[in-house]
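Right, one structure below, let's go through it.
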Amino acid sequence: MAIYNEKVMDHFMNPRNMGEIENADGKGTYGSPVCGDMMQITIKVENDVIVDAKFKTFGCGSAIASSSIATVLMVGKTIDEALAITNKQIVEELGGLPNVKIHCSVLADNAIKAAIYDYAQKSGKTYAGLEGFDPNAEEDHHDVACDEEACGGSCEKIK
Amino acid sequence: MRQVYLDYSATTPVKKEVLDVMLPYFSEKYGNPSSLYTLGQESKDAITKARGQVASLINADPAEVFFTAGGTESDNWALFGAVDALKKKGNHIITTKIEHHAILHSCEFLEKHGCDVTYLDIDCEGRVNVEDLEAAITDKTILISVMFLNNEIGTVQPIKEIGEIAKKHGILFHTDGVQALGNIPIDLKSLNVDLLSMSSHKIYGPKGVGALYVKKGVKISNYIHGGAQEIKRRAGTENLPGIVGFGKAAELAKENFDSHVKHCSDLRNYFVDKVLNNIPNTYLNATMDGRHPGNANITFEFVEGEAMLLSLDMQGISVSTGSACSSASLVPSHVLTALGIPVEKIHGTLRFTFGDFTTKEDVDYTLEALTNIVNKLRQISPVSSEKGW
């Protein structure tokens, strides 16, 4: 029995939207290499719709798969719709992740918000879905993601 | 698809010669070694033979070898047995930060039950400083436990020097020899080692069997209580096929020692050389001087270990991570942490361990796959040598 299902392995081995958009309208990174996972998402926005999204990730198989699926989910959505994407949705789209890897979906969810946050800052817009989001919360998250028990607890809450 | 196993320090396949001698002891020669009739006595003789084979590999007296259920039990027995036997003398243990969890978690348990434990640092080459060790000795010190050879980075510890210090101060000296057995010479007649843990499945023997060497005259308390097996030192009906297999594996390890070491180190050296030259931003961790012949522990900057491991696995190659990310724990390797490797680089570390069945073709296949995988993952990674961490 492999540790990941076929869909996770597919997104890990054949990641969608891998790369970086030049002159992106929004660019966000979340996590840190110290923690073991860091994701960067860049987006292109037209008329409040995300027309393109790309990712780069330092991390394990599920981190790469989570960021791949996150970009797939974002493209074609309005900013508000993209902000409504949850980590639970990312896990479901991947057909499930091992418990110890749930934090990867949390990171991907935050990376989406970090990219949109940057877009909002640059374009002077405000979105209800960004309320309370701190793009520099990596240090806090560090403790969460690197502590197995703490992660399990927080992920349950997020779900 | 080609299957390449490069995790011989995790476990080894049982050699055919070993399996062949084990098989009759399952359903033909199944007698209980404690039984007095012929069937039982034949089993007893088989264990006596195996004891001699294991003793011969470490140049010990057969009466000093006690079979256990494996390396972990041997480590637990050594620690708990020594602490209990010496509780009137003191309660202080000296060990290192890079021990196997069978030692570290046993020490943590003992700390909860009144022991003080000193965990020694290692230097950048992966070795304990013997002066630090001697300085840590107090009048309460009852046991020194320093592993012979580290399982992750493969470095050999200064066992002879530590043994001399232990003897000078009259302190028991235990060493976890699980990774050392069969891979570097162990001559207990020339080392002041009182207790040495061994495991069968690291030397092409079966899993679930090991041994503890207890030097003649050294008194430690029993750990497994029950019947009179193992001269009343370790209770429980003997794992007869396992012990027979361990004995044969030990005999083969002794016979083939030189060719084993040469084979593994030739392939390992070739591999390390190619990786460091062909893949930029890669580092070998710990010194090559005095190291497990088959161990290579390499950091690949800007990529994560589990992603490399999984990608290699997709191509039939089995390796392990220095980081514990692939297992249930997300805590980075305590050994690489003690070696002073930054955490982000620990996450990008793989351990390759070569063994008797590894071929040059396997290594070449792995080198090609590894180069492509690291390149691909570096393209995916937001960190790089240009952008930095």
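A short reminder: the numbers here are calculations on the coordinates, not readings from a lab. Being a predicted model, the structure only gives us computed values, none of them experimental. Backbone-built Cβ (ideal geometry, glycine too); neighbour counts: all protein chains shown.
For this structure, a couple of remarks:
- Dipole of segment B:257-380, positive direction: furthest Cα of B:Phe357, B:Val272, B:Gly316, with charges on the beta-carbon: B:Val272
- The dipole here belongs to segment B:257-380: it is taken about the Cα centre, uses +1 on the Cβ of Lys and Arg and -1 on the Cβ of Asp and Glu, and is about 200 debye.
- Over all orientations, the protein assembly as shown has a Cα convex hull whose mean projected area works out to 27.5 square nanometres.
- Amide H partners (placed H, <5 Å) of B:Leu120, local residues excluded: B:Thr95, B:Thr96, B:Lys97
- Length gained on full extension, B:Lys97 to B:Asp132, computed as 0.36 nm times the residue gap minus the Cα-Cα distance: 11.3 nm.
- Local electrostatic count at B:Val319 - Lys and Arg +1, Asp and Glu -1, tallied over other residues with Cβ under 10 Å: -1
- Counting only lysines at least 8 places from A:Lys7 when in the same chain, those with an alpha carbon closer than 20 Å to its own are A:Lys54, A:Lys56, A:Lys88, A:Lys101, B:Lys376.
- Ellipticity at 222 nm from helices only: DSSP H runs of n ≥ 4 in the protein assembly as shown, each -39500 (n - 2.57), divided by the residue count, give -13000 deg cm²/dmol.
- The orientation-averaged shadow of the Cα convex hull for chain B, equal to a quarter of the hull surface, comes to 19.9 nm².
- Expressed as a whole percent, the proportion of Cα-Cα pairs in chain A lying more than 29 Å apart is 11%.
- Karplus-based coupling profile of segment B:19-24, in residue order and whole Hz: 4, 4, 6, 6, 3, x, with θ = phi - 60° in 6.51 cos²θ - 1.76 cosθ + 1.60 and x standing for Gly or Pro.
- In Hz, Karplus ³J(HN,Hα) per residue of segment B:188-203 (6.51, -1.76, 1.60; θ = phi - 60°; x = Gly, Pro): 6, 6, 10, 10, 7, 9, 8, 9, 9, 8, 9, 9, 7, 6, 8, 10
- Counting other Cβ atoms within 10 Å as a rough exposure proxy, the listed residues B:Phe271, B:Phe246, B:Phe80, B:Phe257 run B:Phe257, B:Phe80, B:Phe271, B:Phe246 from fewest neighbours to most.
- A cut-off of 5 Å between modelled amide H atoms, ignoring neighbours fewer than 5 places along the same chain, links A:Ser32 with A:Asp37.
- Using only side-chain charges placed at the Cβ, +1 for Lys and Arg and -1 for Asp and Glu, the dipole size of the protein assembly as shown relative to its Cα centre rounds to 1560 debye.
- Highest mean packing first, where packing is the average number of other Cβ atoms within 10 Å per residue, the peptides B:100-110, B:147-157, B:276-286 line up as B:147-157, B:100-110, B:276-286.
- Subtracting the Cα-Cα distance of B:Met288 and B:Ile231 from their residue separation scaled by 0.36 nm leaves 16.4 nm.
- Of the peptides B:163-174, B:221-232, the order by per-residue mean of other Cβ atoms within 10 Å, starting with the highest, comes out as B:163-174, B:221-232.
- Positive-end extreme of charge dipole, the protein assembly as shown - chosen from B:Phe300, B:Ile346, B:Ile142 (charges on Cβ): B:Ile142
- Here's the picture: a label point sits 7 Å out from the Cα of B:Leu36 along the beta-carbon direction, and within segment B:232-249 nothing has its amide nitrogen under 12 Å of it.
- Taking the number of Cβ atoms within 10 Å of each Cβ as an exposure proxy, the fewest-first ranking of B:Val275, A:Val34 is A:Val34, B:Val275.
- Environment charge at A:Ile3 (Cβ cut-off 14 Å; Lys +1, Arg +1, Asp -1, Glu -1): -1
- Entries of B:Lys97/B:Lys207; B:Lys112/B:Lys219; B:Lys16/B:Lys360; A:Lys113/B:Lys97; B:Lys219/B:Lys254 with Cα pairs more than 32 Å apart: A:Lys113/B:Lys97
- Of A:Asn87, B:Val4, A:Tyr119, farthest towards positive along the dipole that unit charges on Lys, Arg, Asp, Glu beta carbons give the protein assembly as shown: B:Val4
- Cα-based Kirkwood hydrodynamic radius, segment B:296-389, one decimal, Å: 13.8 Å
- For segment B:16-255, size of Cβ-based charge dipole, Lys and Arg +1, Asp and Glu -1, in debye: 800 debye
- The Cα center of segment B:241-275 and the Cα center of segment A:45-113 differ in position by 47 Å.
- Max mean-square fluctuation residue, GNM over chain B, Cα-Cα springs under 10 Å, options B:Ile93, B:Ile144, B:Ile186: B:Ile186
- The length gained by stretching the chain between B:Phe109 and B:Asp121 to full extension, at 0.36 nm per residue less their Cα-Cα distance, is 2.3 nm.
- Number of partner chain Cβ atoms within 10 Å, mean per residue of A:51-61: 6
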